[in-house]
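Taking it in order: structure first as C-alpha cells, then the write-up.
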Amino acid sequence: MTPSLPPVIGFVAPSGTGKTTLMERVIGHLVASGLKVAAIKHGHHPADPDIPGKDTHRFRQAGARSVLFACPQRWFLIQDLGDLPEPTLAEQVARLAGHDLILVEGYKEEDHDKIVVRRRDTPANDLLDRLSRIVAVATDDPEPDADPPQLPLNDPARVAGFIRARLTPDQAGA
C-alpha cells in the first residue's frame, strides 16, 4: 500500500522578508505538538551542500551522478540532474511520504496552499494578486477580519496553530 502524500503549505515572499526565520520557528512549534514535519527549500541558483574533500564530494568529482550517504542517524541523496529537467514540487513531495506535513519555502508558482510573508517596511509586491491558493498573510501589521486572514509575523505559535487547524484529524495525528 502506497502511503498518502502529506499536505503541503508554502511560505512565499521576496528575499529578505523573514520567511526562513518564520518557517524555522513554525517547524519547532509543529514538531513540539507531535507532528512529523518535512521541509523543502527551493533555490533559484546552483547550490552544493557537499563539502569538498569529503568522500561524497570525491565520488561526485569522480563522475558519480548520484551519491547517497547513509548512517544510523540520517541519510541524504545528492543527485546531479545533468540534462534532466528540474523536479517539480509534486515529485519532491512524493519523496517525503510518511510525514504529517511538508512546509515549503519557494515554489511559489506551484499549486499548493501558501502563506505570504509581508513586512510593513518592505515594498509592496503583487504576490497576493498573482499567486493562487493563498490561505493567509503573516505580517508585522495584521488587520483583523482581513481576507485572506492575517497572522502576526512575530508569533510563530499562532502561525503554527493556524496551520495545524487546517489539517484533518487524521493528518494532525488525532
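The values are calculated or read from the model by the stated rules, or taken from the named source; none is laboratory data. None of these values were measured; they are calculated from a predicted model. For neighbour counting, all protein chains shown are included, and Cβ atoms are generated from backbone atoms with ideal geometry for every residue, glycine included.
Of all residues in region 46-65, exactly one satisfies the criterion of being at pLDDT below 80 and either among the aliphatic types (A, V, I, L, M) or outside any loop (DSSP other than H, G, I, E, B) (or both), namely 47. Here residue 105 meets the list (1) at pLDDT below 90; (2) within 19 Å of residue 39 (Cβ to Cβ) almost entirely, failing just condition (1).
Among the conditions (1) aliphatic (A, V, I, L, M); (2) loosely packed, with under 13 Cβ neighbours inside 10 Å; (3) in a loop (DSSP other than H, G, I, E, B), residue 35 misses just one, which is (2). For region 10-43, the set of residues classified as aliphatic (A, V, I, L, M) and touching a His at 6+ places or on another chain (Cβ under 7 Å) consists of 37, 38, listed by residue number. Scanning region 107-131 for residues that are in contact with a strand residue (DSSP E or B) (Cβ under 9 Å, 6 or more places away or on another chain) and of a type in the set (Lys, Arg) turns up 108, 114, 118, 119, 120. Consider region 1-30 and keep the residues that are hydrophobic (A, V, I, L, M, F, W, C) and not in a helix (DSSP H, G or I). The one that is modelled with the lowest pLDDT is 1. Of the strands (runs of 3 or more DSSP E) contained entirely in region 76-174, those carrying at least 1 residues that are closer than 22 Å to residue 14 by Cβ and under 17 Å from the mean Cα position of the chain (by Cα) fall at 101-105, 113-118, 134-139. Among the residues making up region 108-123, none is modelled with pLDDT under 90 and of a type in the set (A, V, I, L, M, F, W, C). Note on region 116-171: residues that are closer than 20 Å to residue 33 by Cβ and of a type in the set (D, E, K, R) total 5. Just one of the listed residues (89, 77) is within 30 Å of residue 108 (Cα to Cα), touching a strand residue (DSSP E or B) at 6+ places or on another chain (Cβ under 9 Å), modelled with pLDDT of 85 or more and surrounded by 10 or more Cβ atoms within 10 Å (Cβ to Cβ), namely 89.
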